[in-house]
Amino acid sequence: MTKNHWRYVLISAAAVAFSTAAGLEPPLRHLIIFARAGTSFSAKQLCSGVLMAGMDPDRMLSEDLAASKGLIQTKIDQAGGRVEASALFGLVRAEAGQNDGHGCSQRINGRPIPQPPSQAAPVSKDPTATSEPWPLVATASPEPPAIDSKALSKALNRAFREDDPLTPKRTRAVVVVQNGWVIAERYASGIPPEMPLIGWSMSKSITHALIGLAIREGHLDLKRPPTVPEWSDPQDPRQDITLDQLLRMNSGLAFEESTGALNSDLVRMLTQEADMAQFAASKRLAKTPGRKWRYSSGTTNILSRILRHAIDDDQRYWSFPSQQLFRPLGMTTAVLETDNSGTLVGSSLVWASARDWARFGQLYLDDGSWNGEQLLPQNWVRHARTATRGSKKGYGAHWWLSRRKSRHALPNDSFSAEGYQGQLLLIAPSQRAVVVRLGQTPKKPGFDANDFGADVLSALR
């Protein structure tokens, strides 16, 4: 979403709004919808980033929301726990508000913001910022591993160094783990180790874990078609879609996944839909289920609502990520936000510190075991790492595989969770390593995940 995109959309929409007293023609209505996307995105990001995570608002406006600078006006109400954004001289407005320990949610079409029950904030036992290795898990090796410290330091220097002002990296946090030890970590100025940062599509891999935990508890069956209200007609071919096909993103559902098109299904879902899963589930069947792979954030949000219906108790559902995953791993900073209907946005809205993202990576490195106790179902990590039909071996089940051209420099057995703007959680079993990189890279050339991962892993022995 470039600045020119927003400027064109908002100026065009303003001209239309003030030049006609009659109804707008359909294409012009779409321009207004695009403007709504910008205000909604701004309100939501500022609410989560500033009020929940504690980021500096000026930094967010100049970095995270730079594309809308001068086009969208924002107001942060610290005391009221909400953020407002407006455009087109106040004709288009959006609001997001806090929901007590669960981050922030948008308010869409006047619907109240969901209020899940408050949860006592867990206390972290992590050390303060330190340059010394420290054990992330109780099962860490007796001593920290031997590494090429000079090479690793150079790799981290490159990750944070700004070489080109036109393609900034804006790396905010890096954590490197080997043999259960945090052997290196670095943070940008103003980003403390305990600050939660958004994972964007790395959140999908969290959803994979949550579905696995629900299967372990008997709520879901991997091979059976789940119940989806929009597919209730016995003649609806979408009833044949299985849970496994949704996890592998070869369900056949039509969904346009694009961050660059302001009218894409992805942008509309994340910024303008109160019930994201309902929007995604309403999409037609474009391909036969199980045949064609197609990446889709909508699919993940359908899974999030399937989990909600399977648990059939919103109080338990809202606490499920914390009780079943985050707390057992010691992820004290992790938050999974909801949409305006109360469904967890499993596709995109997990926030956690780099250390806590590393904990999640360690869980998958250890085949679903944490400190010697099996947390995920047996073979659930194998499920994640098994290539999906139609993906040309590049995608497993809500995890990326390194067996693809864009990851040629990484070990063949490595796999990763990846997100918008350069978020990376890389797991390399052959080197017993986990690598986390979080940032706000506005243009893809600014950060190369393949080169970064290869640089870091080459410094490990």
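Please specify each residue of the stretch 221-249 satisfying the condition of being hydroxyl-bearing (S, T, Y) and surrounded by fewer than 15 Cβ atoms within 10 Å (Cβ to Cβ). Listed by number, the residues that qualify are T227, S232.
Of all residues in the stretch 291-314, those satisfying the criterion of being over 18 Å from the mean Cα position of the chain (by Cα) and modelled with pLDDT of 95 or more are W293, I306, R308, H309, A310, I311, D312, D313, D314.
Filtering the stretch 416-461 to residues that are at pLDDT 95 or above, of a type in the set (K, R) and outside any strand (DSSP E or B) leaves only R432. V176 falls short on exactly one of the conditions (1) among the aliphatic types (A, V, I, L, M); (2) surrounded by 15 or more Cβ atoms within 10 Å (Cβ to Cβ); (3) assigned to a helix (DSSP H, G or I); (4) out of contact with any Gly (no Cβ under 7 Å at 6 or more places or on another chain), and that condition is (3). In the stretch 250-273, which residue that is aliphatic (A, V, I, L, M) and either surrounded by fewer than 19 Cβ atoms within 10 Å (Cβ to Cβ) or in contact with a strand residue (DSSP E or B) (Cβ under 7 Å, 6 or more places away or on another chain) (or both) is modelled with the lowest pLDDT? So, considering only residues that are aliphatic (A, V, I, L, M) and either surrounded by fewer than 19 Cβ atoms within 10 Å (Cβ to Cβ) or in contact with a strand residue (DSSP E or B) (Cβ under 7 Å, 6 or more places away or on another chain) (or both), the one modelled with the lowest pLDDT is A261.
For the stretch 43-53, the count of residues that are hydrophobic (A, V, I, L, M, F, W, C), under 14 Å from Q272 (Cβ atoms), assigned to a helix (DSSP H, G or I) and at pLDDT 90 or above is at least one. When D356, D312 are screened for being open to solvent by 10 Å² or more (accessible area, probe 1.4 Å) and either under 26 Å from L401 (Cα atoms) or out of contact with any strand residue (DSSP E or B) (no Cβ under 9 Å at 6 or more places or on another chain) (or both), only D312 passes.
Looking at the stretch 274-285 only, could you name the residues that are open to solvent by 40 Å² or more (accessible area, probe 1.4 Å) and touching a strand residue (DSSP E or B) at 6+ places or on another chain (Cβ under 8 Å)? The answer is K283, R284, L285. Taking each residue of the stretch 333-353 that is at positive phi and looking for partners that are acidic (D, E) and modelled with pLDDT of 95 or more with beta-carbon atoms closer than 8 Å, six or more apart or interchain, yields G342/D314.
The values are calculated or read from the model by the stated rules, or taken from the named source; none is laboratory data. Computed from a predicted structure; not experimentally measured. In this analysis, Cβ positions are derived from the backbone assuming ideal geometry, glycine residues included, and neighbour counts consider all displayed protein chains. These accessible areas exclude ligands, DNA and RNA; they are computed on the full protein's heavy atoms, side chains included. Shrake-Rupley method; radii C 1.70, N 1.55, O 1.52, S 1.80 Å.
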